Amino acid sequence: MKSGSGEASSTPALELRHVSRRYVSAYAPEVLALDSVSLRIEQGEFVAIVGPSGGGKSTLLNMLGLLEFPDEGEYLLDGFLMPGREGEAAARARSTAFAFIFQAFHLLQSRPIRDSVELGLIYRGVADRAAAVSGALGRVGLAGREEERASHLSGGQQQRVAIARAIASNARIILADEPTGNLDSENARVILAELQRLNDDGSTVIVVTHSADVAAAANRQLRIVDGRLVSDTGWQKHAANQVAGSVIALEMPSGDRDVKAMHRLPAPTPPKLGVRDIFRDAWRSVLSRPAQTTALCVAVAIAVALTLTTLGISTSAGAQVSSAFDAQLNREVTATWNSDSELFAADLDDIPAQTSQIAGVDAAAGIADFDPVSVVGIAQARVIQPHTYSGDIEAAARLTVRYPSWRGGSHLVPGEVLIGIQLAQLLELSSLESGPVVTIDGGDYQVAGIIEQSPRYPLLQGEILLPAETPGFDDPKTTSAVLLTAAGAAPQVARQVQIVVNPYLPETVRVQAPTDAEELRGTVEQGVRTALIAFSLLAIVVAVAALTNAMLLAITARRGEIGMRKALGARSRHVAWLIAGESAYIGAVGGMAGLALGVATVLIITITQQWTPVFDLRLGPLAVVAGIVIGVLGGATAAVRAARIRPADTLRQ
Ligand code: ADP
């Protein structure tokens, strides 16, 4: 049976020439794992590598499979000298020529077994994979079980999946490291039969084993002790086959025996691995670990939500600040003049009528300040500054005044007084409803109302306001026009008010107005926004750091899987793309969750603050992009580390 596949070939499938491999580590003495080993293996051989533990068997197998590289000596595949280190040529050879079967199976544990079998074909660049996958699974007795998770299968079944992967990828050299080491004798027999049949179909099978049965089934034994090839039986072409043949007859369903023919075809040049395949693989990988994926998505979602919340709040708060400015501060203009310069200046009585002619004035009042006088309640007395007023003082000075319920309106007549709430308390006035009376500078006045709030002139809460015509109050120290303007009209009003109240000596009138309301408003808005944006950036940095940490931990747990992917021919960049793709998916899903969370938070905050929520529609896509950016940044370190994983280090167990 073998005659066509190896015997006549002058070029061996594999050849080692004086190959040595030493392991140097900072923590242990140097080990010479292979010591000048020379070896030729023909296509179609079934070789068992035996010997004591630590002798160098796995190192030799990995060397043959291009997972390890010689420090000295040469390696030839089909007569071609291979580069002595990891690279494109080695990865390509792994994906096209070799299949690996390990004691620890190395399947994609939480994914359907179809994915594990398909992986070899993906990295080989095969586009049409479904038929090969189900055919291979059928050949190892797992027909129709494509969707079962690897972790739900027994050890024997998992190893059959690994063999199906070798069958599907049509590898002509099968490298197996203790393939029956984790199996009971019954399952071990089945796996041996599978290997036997692969060999029977033309594949070269090289197996490291401690099992006497496996060694006996092979038709050549290599014995490795202390890194040296101490014995080699050579190819015993007839003896072993009978044993194997009987096993096959016992265990195997009849299969396609024509694989040999395919092996003679030139190895296809792998087409470029499709981005779609990588991303589909990444998506399935992310889905197969729901708990971990959810935790990572939550980390991204929190960062995105924090960012959106701070941006949303800063926009809403900014709008709030603006409307506060528009509503109040930048609408206030006060013009004040002294009594000694009151020549030509408007009388207190005339101020409202004159100033309300200025375009943009919404409310106008006059107010005059006098020297302090004594104010006496029932039991207490205080010395305070009195003021007289004219016009709509409540609107212009934004006063909140409480009147007794029996009082008709807010118009005061001489003999009446408005008292600030603090002064009313100090004087221990009786209830407003009972019509209390105070004595001001010797005269009695009826308390007409209590000034409860006075945001523009806070001192008024401790003072008194009398109507302009009150006798005895006609020699003020200073007089002011108190104006409230339309939004944005304050600067304009401020420029005109001096001329209006004193056309002859306008310079004696001092005007108080927001100098540049727009600029002030901008400064405040910018301040709020800068602080919140700094906060968002911090949230993103924290999320990226958390994600980096979590992804690195995940990679450590997946070293075996990544090693296997590389053994199947994945290039370093494919591994990096896989991890980056997984991170991007996590970021995108986290971004969407963060969007929902952020919008909800902004709504809750603005509603409880009684602000108007302001959303920029661009925040939606921005959230998803931010999530992806956070994901990719957080996965970058892990991707680089994963890409650097050396398969030989991770596959032994
Ligand atoms: P076997 O498969 O026969 O048990 P190995 O090939 O695994 O032997 O190992 C041969 C020797 O090389 C052992 O002494 C082992 O400790 C050492 N060795 C194998 N891999 C490494 C490594 N990555 N770093 C350091 N020493 C190693």
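The values are calculated or read from the model by the stated rules, or taken from the named source; none is laboratory data. Nothing here was measured: the structure is a model prediction, and the numbers come from that model. For neighbour counting, all protein chains shown are included, and Cβ atoms are generated from backbone atoms with ideal geometry for every residue, glycine included.
Output the number of residues of region 14-69 satisfying the condition of being closer than 21 Å to residue 568 by Cα and within 8 Å of the ligand (Cβ to nearest atom).
6
Count, please, the residues in region 331-361 that happen to be on the phi > 0 side of the Ramachandran plot and within 60 Å of the chain's Cα centre (by Cα).
Qualifying residue count for the region: 1.
Scan 569, 591, 598 and give me the residue that is at positive phi, assigned by the TED database to the domain that holds residue 631 and of a type outside the set (Phe, Trp, Tyr).
The match here is 569.
Which condition does residue 182 not pass, out of (1) within 16 Å of the ligand (Cβ to nearest atom); (2) under 23 Å from residue 112 (Cα atoms); (3) crowded, with 22+ Cβ neighbours inside 10 Å, if it passes all the others?
(3)
Do you know which of the residues in region 81-92 that are among the small types (Gly, Ala, Ser) and without any contact (Cβ under 8 Å) to a residue 40 or more places away in the chain is surrounded by the most Cβ atoms within 10 Å (Cβ to Cβ)?
It comes out as 90.
Suppose we filter region 135-155 for residues that are surrounded by 19 or more Cβ atoms within 10 Å (Cβ to Cβ) and more than 38 Å from the chain's Cα centre (by Cα); how many remain?
Looking only at that region, the number is 5.
Would you confirm whether or not region 43-61 contains a residue that is acidic (Asp, Glu) and under 23 Å from residue 560 (Cα atoms)?
no
I'd like to check something: does region 399-422 contain any residue that is of a type in the set (Asp, Glu) and at positive phi? Break it down into steps so the answer makes sense when it comes.
To start, the set of residues in region 399-422 that are of a type in the set (Asp, Glu) comprises 416.
Next cut, at positive phi only: none.
Scanning region 399-422, I find no residue that is of a type in the set (Asp, Glu) and at positive phi, so the answer is no.
Would it be correct to say that residue 606 is outside any helix (DSSP H, G or I), over 21 Å from the mean Cα position of the chain (by Cα) and more than 16 Å from the ligand (Cβ to nearest atom)? Don't jump to the end; show me each part of the working.
Values: outside any helix (DSSP H, G or I): no; over 21 Å from the mean Cα position of the chain (by Cα): yes; more than 16 Å from the ligand (Cβ to nearest atom): yes.
Criteria not met by residue 606.
Listed here are the residues, each with its yes/no results for (1) among the basic types (Lys, Arg); (2) outside any strand (DSSP E or B); (3) modelled with pLDDT under 90.
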position: 89; (1), (2), (3): no, yes, yes
position: 92; (1), (2), (3): yes, yes, yes
position: 106; (1), (2), (3): no, yes, yes
position: 114; (1), (2), (3): yes, yes, no
position: 120; (1), (2), (3): no, yes, yes
position: 142; (1), (2), (3): no, yes, yes
position: 145; (1), (2), (3): yes, yes, no
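Among the residues of region 621-643, are any farther than 14 Å from residue 572 by Cα, more than 10 Å from the chain's Cα centre (by Cα) and either assigned to a loop (DSSP other than H, G, I, E, B) or within 16 Å of the ligand (Cβ to nearest atom) (or both)?
So far as region 621-643 goes, no, none of its residues is farther than 14 Å from residue 572 by Cα, more than 10 Å from the chain's Cα centre (by Cα) and either assigned to a loop (DSSP other than H, G, I, E, B) or within 16 Å of the ligand (Cβ to nearest atom) (or both).
Out of region 529-553, which residues are of a type in the set (Gly, Ala, Ser) and modelled with pLDDT under 90?
531, 534, 536, 539, 543, 546, 550
Quick check on this structure: which one of 209, 204 is in contact with a strand residue (DSSP E or B) (Cβ under 9 Å, 6 or more places away or on another chain), more than 16 Å from the ligand (Cβ to nearest atom) and modelled with pLDDT of 90 or more?
Only one candidate passes the filter, namely 204.
On the given criteria, is residue 593 within 26 Å of residue 124 (Cβ to Cβ) and buried (at least 19 other Cβ atoms within 10 Å of the Cβ)? Before the answer, list the steps.
Working: within 26 Å of residue 124 (Cβ to Cβ): no; buried (at least 19 other Cβ atoms within 10 Å of the Cβ): yes.
Criteria not met by residue 593.
Of 85, 129, which residue is in the same structural domain as residue 163 (by the TED database) and more than 16 Å from the ligand (Cβ to nearest atom)? If you could, list the steps in order and put the result at the bottom.
Working: 85 fails: more than 16 Å from the ligand (Cβ to nearest atom).
The unique qualifying residue is 129.
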